[in-house]
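The values are calculated or read from the model by the stated rules, or taken from the named source; none is laboratory data. Quick caveat, the model's predicted, so the values are computed rather than measured. Positions of Cβ are backbone-derived with ideal geometry, glycine not excepted, and every protein chain shown enters the neighbour counts. Areas reflect the complete protein model, heavy atoms only, side chains present, ligands, DNA and RNA absent. Shrake-Rupley method; radii C 1.70, N 1.55, O 1.52, S 1.80 Å.
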Amino acid sequence: MINPRKTTPLGIPLQKVFVQLDDRLRVATAQHAPMHSSHEALAVIQEELDEYKQQVYAWPKRHDPAQMQDELLDVAAMAIRAILDLHTMEACS
């Protein structure tokens with residue numbers, strides 16, 4: 001089990017990361033209907049991953065660590081959203 005009181009190697013409290021992730025997930029759930037298929041889930045996650053990839057490719061000259069963190073939170077939130085929506089996805093996907 002992860003201890004939320006621990007910090008990351010960069011000194012960021014894990015609890016802060018979990019709170020940010022929870023916020024992203026709540027917003028996504030409120031704004032968007034459940035994902036209809038595993039293909040849709042893959043597309044949404046890939047889109048978020050592509051946005052993170054843009055930041056990675058900008059390294060080290062134009063990258064923005066805060067933006068990188070935002071994009072990774074979006075990737076994680078959409079992955080969790082896909083897990084939560086698995087039971088409602090079409091069986092044929």
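A few points about this structure:
- Across segment 7-36, the qualifying residues are those that are more than 17 Å from the chain's Cα centre (by Cα) and surrounded by fewer than 12 Cβ atoms within 10 Å (Cβ to Cβ), and the one among them that is modelled with the highest pLDDT is Gly11.
- Some residue of segment 71-83 being surrounded by 15 or more Cβ atoms within 10 Å (Cβ to Cβ), in contact (Cβ under 8 Å) with a residue 40 or more places away in the chain and more than 24 Å from Ile12 (Cβ to Cβ): yes
- Neighbours by Cβ (under 7 Å, 6+ apart or cross-chain): first from segment 9-36, in a loop (DSSP other than H, G, I, E, B); second among the acidic types (Asp, Glu) and open to solvent by less than 60 Å² (accessible area, probe 1.4 Å): Pro34/Asp85; Met35/Asp85
- Among residues of segment 50-68, those that are crowded, with 16+ Cβ neighbours inside 10 Å and out of contact with any Asp or Glu (no Cβ under 7 Å at 6 or more places or on another chain), counted: 1
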